[in-house]
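*Asks:* Following this message is one structure expressed as structure tokens.
The values are calculated or read from the model by the stated rules, or taken from the named source; none is laboratory data. Quick caveat, the model's predicted, so the values are computed rather than measured. Here the Cβ positions follow ideal geometry from the backbone for every residue, glycine too, while neighbour counts run over all protein chains shown.
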Amino acid sequence: MAGKALLIVAVVSASVAGTAALLSADNRGSFLWSPGPVVTSAKPPKPTGRVENAAVKPTSDVKAPAASVLGVAFASAAEQYGQTVRYPPWSVPLTREQAEAYNGNHYEPVSLPLDGDGQFTVSLDKYRFTEGDTIVIAASLRGPQVFGDQLSATLEPADQRKTVASTQLQAEGEGYYEGTLAAEQDPGEYRLIVEASVDGRPVRHASSLTIEPFLGELNGLDSAYVSNNNLVLPLKFSPEHEGFYAFSAQLFNGSAPIAQLQAEKRLSTGNQTIEFRAHGTVLANRSISGQLQLRHIQIRQLPAKPGDRTHYGFGPEDGYRFSPPDLDDLTDTPAANPESEQRAALLRKLADKF
């Protein structure tokens, strides 16, 4: 958070100084990157046989920004910083656009352009697969070309040209093909190559995916309760291996996103409980109807030592539904964070000096 405060001050100072320079009376509107013609002297200077001092003496100094401008800028920065830090880092409000962006196991179909406005597209149901999963591959070919009756798909490690699995994609409709592969390889990053015959010539389409180890079993939610201005959601998890784990999830009410939640904990094997906490700042004064849902649960097993991979796991696609307890005691009181409060106070103090 210290970096955030310093960054805000630096940006504000640079913005104010830059604005002042642009508005300065000495700024004639001439910029080096102006698209207009460059005017040069018609007669070049005669060589003198000696090197002249290349330093150019400025005609006037750029005026410093007005004190009132700096004061307004610092006051604005203090207000923005205060709004940001009023939420604890493990419970922040969530917009619909952010909810879609945070969905960590989404595969975006990749399209390869073909001649004549044609298109070769490959889709997967997700980007990260767990060992033993079935990789469902869908491909489509569109355009005026002549396409073959089937496509081939091969899987190879991202750092090698070595086939570790292959299959054929069968035509399921005009220009649409489908097939499957088993994710039985060692955890790591892989490249999926789908090859089609287009006008009798091979065309290869490459996509990326990862295979992850099985991290453990999610066993649902215990009863939610309110404590210290938080709605506490106990998630039951049995890890396959001990280690340090980071969890994230999204809290919804119907189709409306409420908050992005995070929790970290060192776990041993066996039945464990991870507590997500939704702070009062994201729930108070909000109309809650019906059940709440915990969606897009993501598990990360963090590296035990430098150079190790971070392993990923995911909860059920539908998440978990639960009936919340009485939330009337939750308040929109900013989370207590003495360091953040001190930084906000410093920005306000700087604003008062101008």
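*Asks:* Of the residues Val232, Val203, only one is out of contact with any Asp or Glu (no Cβ under 6 Å at 6 or more places or on another chain), assigned to a strand (DSSP E or B) and either touching a residue at least 24 places away in the same chain (Cβ under 8 Å) or not charged (D, E, K, R) (or both); which?
*Replies:* Numbers: Val232 fails: out of contact with any Asp or Glu (no Cβ under 6 Å at 6 or more places or on another chain).
Exactly one residue qualifies, and that residue is Val203.
*Asks:* Next up: If you check Leu294 against the conditions, is it crowded, with 16+ Cβ neighbours inside 10 Å, of a type in the set (A, V, I, L, M) and not assigned by TED's automatic domain parsing to the domain that holds Asn253?
*Replies:* Details: crowded, with 16+ Cβ neighbours inside 10 Å: yes; of a type in the set (A, V, I, L, M): yes; not assigned by TED's automatic domain parsing to the domain that holds Asn253: no.
Spelling it out, it is not the case that Leu294 is crowded, with 16+ Cβ neighbours inside 10 Å, of a type in the set (A, V, I, L, M) and not assigned by TED's automatic domain parsing to the domain that holds Asn253.
*Asks:* Follow-up question, since we're still on this one. Select from the stretch 209-223 the residues that are touching a Pro at 6+ places or on another chain (Cβ under 6 Å) and assigned to a loop (DSSP other than H, G, I, E, B) and write down the one among them that is nearest to Pro187 (Cα to Cα). Give the steps one after another, and end with the answer.
*Replies:* Of all residues in the stretch 209-223, those touching a Pro at 6+ places or on another chain (Cβ under 6 Å) come to 211-213, 216, 222.
Checking which are assigned to a loop (DSSP other than H, G, I, E, B) leaves us with 213, 222.
Values: Pro213: 6, Asp222: 31 Å.
Checked the stretch 209-223; the qualifying residue nearest to Pro187 (Cα to Cα) is Pro213.
*Asks:* Here are Val198, Val194: which of them is out of contact with any Pro (no Cβ under 7 Å at 6 or more places or on another chain) and at pLDDT 95 or above? Show your work before the answer.
*Replies:* Numbers: Val198 fails: at pLDDT 95 or above.
None of the other options fit; the residue is Val194.
*Asks:* Taking the stated definitions as given, is Gly319 loosely packed, with under 12 Cβ neighbours inside 10 Å, within 23 Å of the chain's Cα centre (by Cα) and not polar (S, T, N, Q)?
*Replies:* Working: loosely packed, with under 12 Cβ neighbours inside 10 Å: no; within 23 Å of the chain's Cα centre (by Cα): yes; not polar (S, T, N, Q): yes.
Spelling it out, it is not the case that Gly319 is loosely packed, with under 12 Cβ neighbours inside 10 Å, within 23 Å of the chain's Cα centre (by Cα) and not polar (S, T, N, Q).
*Asks:* Now for a separate question. Here is a list of conditions, (1) closer than 30 Å to Pro325 by Cα; (2) in a strand (DSSP E or B), and Ala139 meets all of them except one; can you say which number that is?
*Replies:* Of (1) closer than 30 Å to Pro325 by Cα; (2) in a strand (DSSP E or B), only one is false for Ala139: (1).
*Asks:* Return the only residue of Glu339, Glu317 being farther than 20 Å from Gly216 by Cα, modelled with pLDDT under 95 and either touching a His at 6+ places or on another chain (Cβ under 6 Å) or among the acidic types (Asp, Glu) (or both).
*Replies:* On the way: Glu317 fails: farther than 20 Å from Gly216 by Cα.
Going through Glu339, Glu317 in turn, just one is farther than 20 Å from Gly216 by Cα, modelled with pLDDT under 95 and either touching a His at 6+ places or on another chain (Cβ under 6 Å) or among the acidic types (Asp, Glu) (or both): Glu339.
So that you can scan it fast, the table gives a plain yes or no per residue for (1) of a type in the set (D, E, K, R); (2) in a loop (DSSP other than H, G, I, E, B); (3) in contact with an Asp or Glu (Cβ under 9 Å, 6 or more places away or on another chain); (4) surrounded by 15 or more Cβ atoms within 10 Å (Cβ to Cβ):
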{"residue": "Thr154", "(1), (2), (3), (4)": "no, no, yes, yes"}
{"residue": "Asp159", "(1), (2), (3), (4)": "yes, yes, yes, no"}
{"residue": "Ser166", "(1), (2), (3), (4)": "no, no, no, no"}
{"residue": "Asp186", "(1), (2), (3), (4)": "yes, yes, yes, no"}
{"residue": "Tyr190", "(1), (2), (3), (4)": "no, no, yes, yes"}
{"residue": "Ala196", "(1), (2), (3), (4)": "no, no, no, yes"}
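*Asks:* Now a separate question. Would you check if there is a residue in the stretch 235-250 being surrounded by fewer than 13 Cβ atoms within 10 Å (Cβ to Cβ), of a type outside the set (Gly, Ala, Ser) and outside any loop (DSSP other than H, G, I, E, B)? Lay out the reasoning, then the answer.
*Replies:* Kept after step one, since they are surrounded by fewer than 13 Cβ atoms within 10 Å (Cβ to Cβ), are these residues of the stretch 235-250: none.
No, the stretch 235-250 contains no residue that is surrounded by fewer than 13 Cβ atoms within 10 Å (Cβ to Cβ), of a type outside the set (Gly, Ala, Ser) and outside any loop (DSSP other than H, G, I, E, B).
*Asks:* Now for a separate question. With the checklist (1) in contact with an Asp or Glu (Cβ under 8 Å, 6 or more places away or on another chain); (2) of a type outside the set (Ser, Thr, Tyr); (3) farther than 30 Å from Glu264 by Cα in hand, flag the one item Gly175 doesn't pass.
*Replies:* (1)
*Asks:* Considering only the stretch 133-147, I want to know if a residue exists there that is touching a strand residue (DSSP E or B) at 6+ places or on another chain (Cβ under 6 Å), more than 21 Å from Ser197 (Cα to Cα) and either surrounded by 17 or more Cβ atoms within 10 Å (Cβ to Cβ) or not assigned by TED's automatic domain parsing to the domain that holds Ala259 (or both).
*Replies:* As a first pass, look at the stretch 133-147 and keep what is touching a strand residue (DSSP E or B) at 6+ places or on another chain (Cβ under 6 Å): 134-143, 145, 147.
Okay, now just the ones that are also more than 21 Å from Ser197 (Cα to Cα), so 134-135.
Now narrow it down to the ones that are either surrounded by 17 or more Cβ atoms within 10 Å (Cβ to Cβ) or not assigned by TED's automatic domain parsing to the domain that holds Ala259 (or both): 134-135.
The answer is yes, given that some residue of the stretch 133-147 is touching a strand residue (DSSP E or B) at 6+ places or on another chain (Cβ under 6 Å), more than 21 Å from Ser197 (Cα to Cα) and either surrounded by 17 or more Cβ atoms within 10 Å (Cβ to Cβ) or not assigned by TED's automatic domain parsing to the domain that holds Ala259 (or both).
*Asks:* Kindly indicate whether any position in the stretch 259-277 is over 22 Å from the mean Cα position of the chain (by Cα), within 21 Å of Phe129 (Cβ to Cβ) and at pLDDT 95 or above.
*Replies:* Scanning the stretch 259-277, I find no residue that is over 22 Å from the mean Cα position of the chain (by Cα), within 21 Å of Phe129 (Cβ to Cβ) and at pLDDT 95 or above, so the answer is no.
Residue-wise test of (1) under 21 Å from Pro202 (Cα atoms); (2) modelled with pLDDT of 95 or more.
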site	(1), (2)
Thr130	no, yes
Asp133	no, yes
Val136	no, yes
Ala139	yes, yes
Gln145	yes, no
Leu155	yes, yes
Ser166	yes, yes
Ala171	yes, no
Tyr177	yes, yes
